[in-house]
Amino acid sequence: MRANRRSFIKYASLAAAGNATGLRPFGMLNALAQGATDYKALVCVFLYGGNDANNTLIPFDTAGYNNYASIRGPLALAQNTLLQLAPSPNFALNPNLPDIQTLFNNKNAALITNVGTLVQPLTRAQYLAGQACPTNLFSHPDQQLEWQNAAQSGATPTGWAGRIADTLAVNYNQSASIPMITSVAGDTLFCNGTATTPVSVSPGNLSGATCSEGSSECTARMQAAQALLTFNSGLSLVQADDTITTNAYAYAKTLSDAVQSVTPLKTVFPTANTLAAQLQQIAQIIQVRSALGVQRQIFFAGIGNFDTHAGQLAGQGALLAEISPALAAFYAATQELGVASNVTTFTMSDFSRTFQPNSNSGSDHAWGSHHIVIGGAVKGGQLYGTFPTLALGGPDDSGSNGRWLPSTASVQYAATLAQWFGVSPSQLATIFPNIASFPSSNLGFV
C-alpha cells in the first residue's frame, strides 16, 4: 500500500501541475460554494527541523526573564523586544510573531506548553531510570514520524489524520468528489490511513496554469502519463497504479474547475512566502467545500528549516517572520469565508531545542515544545499545559542542558483536536492506541 500511496502523490502532483486542457466552468459552483452543513477542517502546519520553543514563548516577569537570560546567554532575546501577552502578562512572544500576539490577545489563538512524544507520563527520575520512552528521541526522522502517527514509534505505517479519515468515512463526505485529506507539502505519513489516501496539491497549480517546462515537454509528459492509464500487463501493482493515476487526474480536474469557478478571495496573502502560498491554496479549497461535497477536511502544510545548530537568532527569526503573517492571513480568509469557527489550525514540530546554547550560537535537539492553535472555536488567550521549570538539571530537564521532559503528550494534543473534529470518545482508542495511558484525552483548548 505504501508504494501505491507514493504513486498517488506523484501523479496527483503531476495532474495538478499539468492538466491544462479541457478545463471547463464548474456550473453552479458560485451558488453552491457558500456554507457547508456541519463543516469542520483541521489544518496542520509542520515546523520541520525542530522549532526552538524556548525563544518562541519567553517568561516576561522580572525573575523569570532574568533566569531565562542568564542561561540562554547569546541566544537570549532582549526583553524590550519581546511581545507581551496581555491575557498572560508573565509571558511574551518572539518579536517576529506580532500577528500571533494579536490573535492571542483577541482570544483567537492559544498556546499549548511543553508538548512532546511520550509513551506514558514520565518524570525525570523515571526517565533516568530507563522507563519506557518513545523510540529514537532527538532524531529528526523518527520524531517527525512519531508526531505524525501519534504512536511513539516511527514504524507505525499510518498517520493520525489518516486514521481519523478511516474512522469517520462512514459518517462524513459520503458524496465527496475528493478525499478527506489534502497535502500541500508533499507526501507525509500524517495523511496516510489504512483505507485512506490523500490528494496532493502543489500550491498555485489549481488555477489552470500550464506546466512550466514548455509546450512540447508538457505534451510529452501528459501523453506518457495518459498512456499509463491504458497499459495493462496483468501485474497487480500496475493495475493499482492505473486506478490511482485515474483518480489523481479526476481529483486535480475537480479541484481546478471548482477553484476557477468562484470569485477570488479578497484576503491578501504575503508574497514570496512559502507557507502563505500553501495556506492560500488551502483557503481556496475550503472556499469550494460545498461543491466538493465535503463536510470534513484535513490539510497538511509545512515549512523549514528550523534545525538551528548555528546562527539561530537570524535563522529562526526569519522563519517566524514568515509564519506570523501567513497564519494571520489564513485566519482572515476563514473569517471572509464565514468559517473561522469551523477551521482550526495548529502547529507540530520534530521537537524543541536545548535551553543551553551550543558553541555555534545555536542550540541542539531537545524534546518538549510549545505549540500554537488558531481558530474561532479555540478557547484563546490562554496557555494550556504546564510550562517547564527553566533550570538546567532541574525537575523538567531530561539531562543537564535543558531538554524538557514533556508534561503533555503529543497524543493528548492530537486527541483533543480529533474530538473537536468529530471523533467520539469511544473511537479514540482506534485512532490513538495508547491514549488510555494518560490521565486526560481532552486538554480543553478547543
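The values are calculated or read from the model by the stated rules, or taken from the named source; none is laboratory data. These numbers were taken from a predicted model, which means no experiment stands behind them. All Cβ positions, glycine included, derive from the backbone under ideal geometry; neighbour counts span all protein chains shown. Only protein heavy atoms, including side chains, enter the accessible area calculation; ligands, DNA and RNA are left aside. Shrake-Rupley method; radii C 1.70, N 1.55, O 1.52, S 1.80 Å.
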**Request:** For A391, indicate whether it is surrounded by fewer than 17 Cβ atoms within 10 Å (Cβ to Cβ), of a type in the set (A, V, I, L, M, F, W, C) and over 30 Å from Q312 (Cα atoms).
**Result:** no
**Message:** Just to be sure before I move on: is P141 at pLDDT 95 or above, out of contact with any helix residue (DSSP H, G or I) (no Cβ under 6 Å at 6 or more places or on another chain) and on the phi < 0 side of the Ramachandran plot in the structure I sent?
**Reply:** yes
**Prompt:** Just for region 100-120: of the residues that are surrounded by 22 or more Cβ atoms within 10 Å (Cβ to Cβ) and assigned to a helix (DSSP H, G or I), which one is nearest to the chain's Cα centre (by Cα)?
**Reply:** I100
**Fill in**
Among (1) farther than 21 Å from S349 by Cβ; (2) crowded, with 18+ Cβ neighbours inside 10 Å; (3) among the small types (G, A, S), S175 falls short only on (2)
**Request:** Mind counting the residues in region 58-108 that are without any contact (Cβ under 8 Å) to a residue 60 or more places away in the chain, of a type outside the set (A, V, I, L, M, F, W, C) and touching a Phe, Trp or Tyr at 6+ places or on another chain (Cβ under 9 Å)?
**Result:** 5
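Table: residues versus (1) modelled with pLDDT of 95 or more; (2) within 25 Å of A326 (Cβ to Cβ); (3) of a type in the set (A, V, I, L, M, F, W, C).
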site	(1), (2), (3)
N342	yes, yes, no
S359	yes, no, no
W367	yes, no, yes
H370	yes, yes, no
**Prompt:** When residues of region 357-386 are filtered for being more than 20 Å from F60 (Cα to Cα), open to solvent by 40 Å² or more (accessible area, probe 1.4 Å) and touching a residue at least 12 places away in the same chain (Cβ under 8 Å), how many remain?
**Reply:** 4
**Asked** Does region 160-196 hold any residues that are in a loop (DSSP other than H, G, I, E, B), closer than 29 Å to N273 by Cβ and not small (G, A, S), and which are they?
**Response** I178, P179, M180, V184, D187, T188, N192
**Fill in**
Those residues of region 116-165 which are closer than 18 Å to I181 by Cβ and free of Cβ contacts under 8 Å to residues at least 60 places away in the same chain amount to L145, N149, T156, T158, G159, G162
**Asked** Can you name every residue in region 302-329 that is touching a Ser or Thr at 6+ places or on another chain (Cβ under 8 Å) and either surrounded by 19 or more Cβ atoms within 10 Å (Cβ to Cβ) or in contact (Cβ under 8 Å) with a residue 60 or more places away in the chain (or both)?
**Response** G302, I303, F306, T308, Q312, L313, G315, Q316, L320, L327, A328, A329
**Prompt:** In this structure, does L168 turn out to be open to solvent by less than 10 Å² (accessible area, probe 1.4 Å), on the phi < 0 side of the Ramachandran plot and touching a Lys or Arg at 6+ places or on another chain (Cβ under 7 Å)?
**Reply:** yes
**Request:** Please work out if Q260 is open to solvent by 20 Å² or more (accessible area, probe 1.4 Å), within 15 Å of K40 (Cα to Cα) and either of a type in the set (F, W, Y) or out of contact with any strand residue (DSSP E or B) (no Cβ under 6 Å at 6 or more places or on another chain) (or both).
**Result:** no
**Asked** Can you tell me which residue in region 330-356 is farthest from P270 (Cα to Cα), limited to those that are open to solvent by 20 Å² or more (accessible area, probe 1.4 Å) and among the polar types (S, T, N, Q)?
**Response** Q356
**Request:** For region 124-136, state whether one or more residues are outside any loop (DSSP other than H, G, I, E, B), buried (at least 23 other Cβ atoms within 10 Å of the Cβ) and among the aliphatic types (A, V, I, L, M).
**Result:** no
**Prompt:** Looking at (1) among the charged types (D, E, K, R); (2) out of contact with any Pro (no Cβ under 9 Å at 6 or more places or on another chain); (3) within 27 Å of I71 (Cα to Cα), can you tell me which one D397 breaks?
**Reply:** (2)
**Message:** Pairs needed: first member in region 387-410, under 8 Å from F355 (Cβ atoms); second member anywhere, modelled with pLDDT under 95 and open to solvent by less than 40 Å² (accessible area, probe 1.4 Å); C-beta distance under 7 Å; at least 6 residues apart or different chains.
**Reply:** none
**Message:** Restricting to region 414-436, give me the number of residues that are open to solvent by less than 60 Å² (accessible area, probe 1.4 Å), among the hydroxyl-bearing types (S, T, Y) and outside any loop (DSSP other than H, G, I, E, B).
**Reply:** 1
**Request:** State which residue pairs qualify: first residue touching a residue at least 24 places away in the same chain (Cβ under 8 Å) and of a type in the set (D, E, K, R) and inside region 38-53, second residue in a strand (DSSP E or B) and open to solvent by less than 10 Å² (accessible area, probe 1.4 Å) in any location, beta carbons under 9 Å apart, and separation of 6 or more residues or different chains.
**Result:** D38/R296; K40/R296; K40/Q297; K40/V343; K40/T344; D52/R353; D52/S369
